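The values are calculated or read from the model by the stated rules, or taken from the named source; none is laboratory data. Please read all numbers here as calculations on a predicted model, not as lab measurements. For neighbour counting, all protein chains shown are included, and Cβ atoms are generated from backbone atoms with ideal geometry for every residue, glycine included. For the accessible areas, the whole protein counts, side chains as well, though only heavy atoms, and no ligand, DNA or RNA atoms are used. Shrake-Rupley method; radii C 1.70, N 1.55, O 1.52, S 1.80 Å.
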Amino acid sequence: HMNQEHTLCICNHSGEVDWLMGYTLLERINGLTGCKGLIKQEAKYLPVVGWLMWFSDYLFVSRSWKKDQSTIAKTCKVWAGYLPLHSPNYYVLYAEGTRFTAAKHAASVKFCSERGIEPFQHVLYPRTKGAIEVISQLGGSLGSVQNVVYAFPGSNTPTIKTMLAGQSTDIDIYFRRIGADEVPSTDPAEISEFIVQQYRTKDELLDYHKTHGKFPGPTVPLPRKIRSLVIFYIWALVTVIPGNGFMVWLMVNECYKMLALITLVYVIGGVVANKIISAAVMSKASSYGTSTTGKPDSNSKSTGA
């Protein structure tokens, strides 16, 4: 059913780059152009990346339910306009709202224990308000909901910086399809319970992965596309090689002012790139578990790209 229907993907937030791995997967099944999701409001101001998300009708949230409720409803109406189209769309939701860390997990465990709920071991208790709104708006028109589980084999979890440094990584991604007829879409309490149950399932699957080093069921490897490599080398030929040649020409002809100007542009580009990386670090993006009520905020949001 992948790439054959409109689907809502409910994902766990295991690290800084799991969202990037999700994009990579969609690119390999030709589904990236139909990807939309919930993401923190600050991301839309990021150069290039944020602008692309804005033009792609991503849903930007501010972490204030009073502000976000109307925004979610308005954006979901825009998303609903894509549903009659034949090209499948993937609506991505990280109901935990933030990356899994030891501190945030402790807050999640405390929240569950105080309410007589069995604590999750590998995920955070989900924030369901935003998810309820999204499913209420789209649920009746979706082909399915996909329970998506990310897990990094081994003990090393990659970060934005390690990937930019050229360190390769592996990831296991588990999909469990839930047909639209099995997804509640009208009763908020039922939708909330449905979301919590998906994270309970994620917790069990991650426990299995930790024990066995893989998820249950058949494995489907997704090899790299030759097309991506060709595009990379084309851009290298168009930009890097001519650029370096121009720099050599400037040095040979002693055009020092132009060299200084280009160096300044590179420095500014480095600063901008560093800001993008800082904005993408999930540990700085949420105050999960630090509200004055001593419990995780019930607002659902995502801090993806």
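Scanning the range 202-219 turns up no residue that is under 30 Å from Gly81 (Cβ atoms) and either in contact with a Cys (Cβ under 6 Å, 6 or more places away or on another chain) or open to solvent by 80 Å² or more (accessible area, probe 1.4 Å) (or both).
Taken over the range 24-50, the criterion of being assigned to a helix (DSSP H, G or I) and at pLDDT 85 or above is satisfied by Thr24, Leu25, Leu26, Glu27, Arg28, Gly34.
Applying a threshold of 8 Å to beta carbon distances and a minimum spacing of six or more residues, or different chains, the list of pairs starting in the range 11-36 at a residue that is among the charged types (D, E, K, R) and ending at one that is open to solvent by 30 Å² or more (accessible area, probe 1.4 Å) and in a helix (DSSP H, G or I) reads Glu27/Ser228. A count restricted to the range 122-167 and to residues that are of a type in the set (Gly, Ala, Ser), in contact (Cβ under 8 Å) with a residue 24 or more places away in the chain and out of contact with any Leu (no Cβ under 9 Å at 6 or more places or on another chain) stands at 3. Could you please let me know if Leu83 is at pLDDT 80 or above and not acidic (Asp, Glu)? Criteria not met by Leu83. Among the residues of the range 20-29, those identified as under 22 Å from Leu138 (Cα atoms) and under 10 Å from the mean Cα position of the chain (by Cα) are Gly22, Tyr23.
Taken as a whole, the range 51-66 holds at least one residue that is under 26 Å from Pro158 (Cα atoms), open to solvent by less than 40 Å² (accessible area, probe 1.4 Å) and assigned to a helix (DSSP H, G or I).
Picking from Ala95, Ala107, which residue would you name as being under 12 Å from Tyr125 (Cα atoms), open to solvent by less than 30 Å² (accessible area, probe 1.4 Å), of a type outside the set (S, T, N, Q) and in contact with a helix residue (DSSP H, G or I) (Cβ under 8 Å, 6 or more places away or on another chain)?
Ala95
When the range 3-17 is examined, which residues are found to be under 18 Å from Thr169 (Cβ atoms), at pLDDT 85 or above and open to solvent by less than 20 Å² (accessible area, probe 1.4 Å)? Give the steps one after another, and end with the answer.
Restricting attention to the range 3-17, the residues satisfying the condition of being under 18 Å from Thr169 (Cβ atoms) are 11-17.
Still in the running and at pLDDT 85 or above: 11-14.
Across the range 3-17, the qualifying residues are Cys11, Asn12, His13.
Can you tell me which residue within the range 67-82, out of those that are more than 15 Å from Gly37 (Cβ to Cβ) and assigned to a helix (DSSP H, G or I), is least open to solvent (accessible area, probe 1.4 Å)? Per the criteria, the residue is Ala73. Among the numbered conditions (1) touching a Ser or Thr at 6+ places or on another chain (Cβ under 7 Å); (2) within 19 Å of Glu204 (Cα to Cα); (3) buried (at least 22 other Cβ atoms within 10 Å of the Cβ), the only one that Thr101 does not meet is (3).
Residues that are touching a residue at least 60 places away in the same chain (Cβ under 8 Å) and either open to solvent by 90 Å² or more (accessible area, probe 1.4 Å) or touching a Lys or Arg at 6+ places or on another chain (Cβ under 8 Å) (or both) within the range 224-244 comprise Arg224, Lys225, listed in sequence order. Can we say Met247 is touching a Leu at 6+ places or on another chain (Cβ under 8 Å), open to solvent by 70 Å² or more (accessible area, probe 1.4 Å) and not in a loop (DSSP other than H, G, I, E, B)? So Met247 does not fit the description; no. Selection of the range 152-167 for residues being in contact with a helix residue (DSSP H, G or I) (Cβ under 7 Å, 6 or more places away or on another chain) and either surrounded by 15 or more Cβ atoms within 10 Å (Cβ to Cβ) or among the hydroxyl-bearing types (Ser, Thr, Tyr) (or both) yields only Ile160.
Could you tell me whether the range 101-114 includes any residue that is of a type outside the set (Val, Ile, Thr) and over 25 Å from Asp18 (Cβ atoms)? Steps first, please.
Let us first name the residues in the range 101-114 that are of a type outside the set (Val, Ile, Thr), namely 102-108, 110-114.
After this cut, where a residue has to be over 25 Å from Asp18 (Cβ atoms) as well, the list is 113-114.
The answer is yes; a qualifying residue exists.
For the range 27-48, taking the residues that are over 22 Å from Gly130 (Cβ atoms) and of a type outside the set (Lys, Arg), the one that is surrounded by the most Cβ atoms within 10 Å (Cβ to Cβ) is identified as Gly31. If only residues of the range 110-126 that are under 19 Å from Gln198 (Cβ atoms) and either at pLDDT below 90 or assigned to a helix (DSSP H, G or I) (or both) are counted, the one that is least open to solvent (accessible area, probe 1.4 Å) is Cys112.
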